Amino acid sequence: MNEPRNEPTSRREFLKNTGRFAAVSALAGVAIPHVHAAGNDTIQVALIGCGGRGGGAAKNALMVKTGPMKLVAMADVFDHKLKGAYEALKGDKDIIHPVDVPEDRKFIGFDAYKKAMDCLKPGDIAIFTTPLAFRWVHFTYAIEKNLNVFMEKPLTADGPTSRRMLKLAEEANAKNLKVGVGLMSRHSRALQELHSRIQDGEIGDIVLMRGYRMHGPVGSMASTAKPAGGISELLWQIQRFHSFIWASGGCYSDFYIHHIDHLCWMKNAWPIKAQALGGRHYKLNPEGLPYVDQNFDTYSVEYTFADGGKFILDGRCINGCKPIYNSFAHGTKGSAIVSKANDCGLPSSTYKGQNGDSGNQIWISKVKPEEQDPYLNEWNDLTEAIRNDKPYSEVKRGVEASLTTSMGRMAAHTGQEITFEQMLNHEHEYAPGADKLTMDSPAPLLAGPDGKYPIPMPGITTNREYEPVRAV
Ligand SMILES: NC(=O)c1ccc[n+]([C@@H]2O[C@H](COP(=O)([O-])OP(=O)(O)OC[C@H]3O[C@@H](n4cnc5c(N)ncnc54)[C@H](O)[C@@H]3O)[C@@H](O)[C@H]2O)c1
């Protein structure tokens, strides 16, 4: 789905221009090295961001059956996170390739990413599993070093970094680098078959899609004030990145992007606009302390496609309410369960009519046991493309999925209708200078004198998601 059918004109122009930029770079004599590992070469891997997903991605990299792999370097801003991930990987019985990361290839700090990537040779793979604020920073260096990349979702939270990442994607393509993005629904064999069935007309033209992720507060989406002392404000915000739009796009971007991505894939288009509801029902935690993060605890976003089709995304992080976590598509001839549970849980199925009754079932997915894990599939697919030098770049669609997500979030946060164009061209950059941060830097978001951070105020702050400094 690299070229959605309903792309607006000026965006098409923008993408054409970034393409021209890449072509000019190539013609200007930028070397296009042979950066793929041949058949049996060992692909070395560096892990940048050694948290939960980083450990998982590195493990997946070390489980692939496509050829030899080796983890050779690790980087984080927290020593304990790196150590934890290293110990877990060393002790992991599912891994079939070596973990070879001696002390002098373990790096801590905001420049650790460079040192880890300096341990690689062209054609190796750098994994980016930090919060999204650092994607463009790390991707810029990987391209300079001719490295293939696996980077986690979301890729961006704002317009300026989205435009930057689209340009970087063109540069990576011009160098024939392979880049995987952790929107793993695209590598679910069930969703792949469902996508072809929908394209073949099995449920007719899609007119409505629904995505739900509703559960209690998870991750670091809800924060009370930073405790005095301890780590710096910057490191605290990074540690609690779901609470801060600059770091993660907030819980809306971090939690809901999978459904947004895979439903738009089923429709083969990105929405042109969004309008939304959302709010904060609970302002105090159970102990009566005020929450200071930037998230709403409910979001209901209505996306509209160029053909008038609709997509409703409901997100909620409140305990005690009915948990719902699945996704659906409705067409003119029938309907589909896209994700039966969670982000892209098996099985997917199609139905005559709109009810999803078993009597009306047309198809239900059956996936080979060894291909049931989309997180492992995405690594087998990426390394297979590297070894066989097949074109492989998921960045553009990763940015488009991130922009669509940000468009819905911004619609809820401002109380306005937001178009894809507005989101792409918006000038508010949430973490300017993310490439220059050091351990001593102030955080990109500052608390007001009452210790609270700027929050979205729909109907009051309408041309940006929040004011840089909170009015008290
Ligand atoms: N595809 C999926 O299903 C999935 C699942 C979970 C997380 N994720 C994504 O993975 C990313 C990380 O999430 P997580 O849950 O692993 O978070 P985490 O906090 O557990 O891990 C992030 C790690 O990055 C480190 N880090 C932060 N800034 C850094 C920097 N500038 N340089 C080096 N290290 C830095 C942190 O210290 C931490 O160890 C997020 O973007 C998240 O959305 C994707």
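Quick look at the numbers
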read-out	value
Residue within the stretch 393-406 that is surrounded by fewer than 16 Cβ atoms within 10 Å (Cβ to Cβ) and assigned to a loop (DSSP other than H, G, I, E, B) present	no
Near pairs, Cβ below 7 angstrom, 6+ apart or cross-chain, from the stretch 72-87 (under 25 Å from ASP440 (Cβ atoms) and in contact (Cβ under 8 Å) with a residue 60 or more places away in the chain) to any residue that is more than 6 Å from the ligand (Cβ to nearest atom) and in a helix (DSSP H, G or I)	VAL77/LEU235
Matching entry among TYR303, TYR299, TYR282, TYR256 (being of a type outside the set (D, E, K, R) and free of Cβ contacts under 8 Å to residues at least 60 places away in the same chain)	TYR282
Only one of GLU467, GLU384 that is acidic (Asp, Glu), out of contact with any His (no Cβ under 8 Å at 6 or more places or on another chain) and more than 30 Å from MET63 (Cα to Cα)	GLU467
Filtered residues of the stretch 428-472 (kept if acidic (Asp, Glu) and either under 18 Å from SER223 (Cβ atoms) or surrounded by 13 or more Cβ atoms within 10 Å (Cβ to Cβ) (or both))	GLU429, ASP435, ASP450, GLU465, GLU467
Criterion (surrounded by 15 or more Cβ atoms within 10 Å (Cβ to Cβ) and either closer than 20 Å to ARG210 by Cα or more than 16 Å from the ligand (Cβ to nearest atom) (or both)) met by exactly one of ILE386, ILE324	ILE386
Any hit, the stretch 140-161, residues being within 14 Å of the ligand (Cβ to nearest atom), touching a residue at least 60 places away in the same chain (Cβ under 8 Å), closer than 28 Å to LYS368 by Cβ and touching a Pro at 6+ places or on another chain (Cβ under 6 Å)	no
From ALA133, ALA126, residue being touching a residue at least 40 places away in the same chain (Cβ under 8 Å) and within 20 Å of LEU376 (Cα to Cα)	ALA126
Given (1) more than 14 Å from the ligand (Cβ to nearest atom); (2) farther than 29 Å from SER300 by Cα; (3) open to solvent by less than 40 Å² (accessible area, probe 1.4 Å), number of the condition GLU371 does not satisfy	(3)
Residues being surrounded by fewer than 19 Cβ atoms within 10 Å (Cβ to Cβ), in contact (Cβ under 8 Å) with a residue 40 or more places away in the chain and under 28 Å from LEU62 (Cα atoms) - total across the stretch 355-366	0
Subset tally (residues that are surrounded by fewer than 17 Cβ atoms within 10 Å (Cβ to Cβ) and either more than 16 Å from the ligand (Cβ to nearest atom) or modelled with pLDDT under 95 (or both)) for the stretch 36-58	5
Residue satisfying all of: in the stretch 268-319; closer than 20 Å to GLY219 by Cα, touching a Lys or Arg at 6+ places or on another chain (Cβ under 7 Å) and of a type outside the set (Val, Ile, Thr); surrounded by the fewest Cβ atoms within 10 Å (Cβ to Cβ) among these	PRO290
All positions within the stretch 208-258 that are away from the ligand (no atom under 15 Å from the Cβ), under 25 Å from MET439 (Cα atoms) and not polar (S, T, N, Q)	ALA222, ALA225, LYS226, PRO227, ALA228, GLY229
Test: residue in the stretch 59-80 that is open to solvent by 60 Å² or more (accessible area, probe 1.4 Å), modelled with pLDDT of 95 or more and farther than 20 Å from ILE125 by Cα	yes
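The values are calculated or read from the model by the stated rules, or taken from the named source; none is laboratory data. What you see is a predicted model, and the numbers here were worked out from it, not measured in a lab. Cβ sites come from the backbone with ideal geometry, for glycine too, and all protein chains shown count toward neighbours. Accessible surface areas use protein heavy atoms only, side chains included; no ligands, DNA or RNA. Shrake-Rupley method; radii C 1.70, N 1.55, O 1.52, S 1.80 Å.
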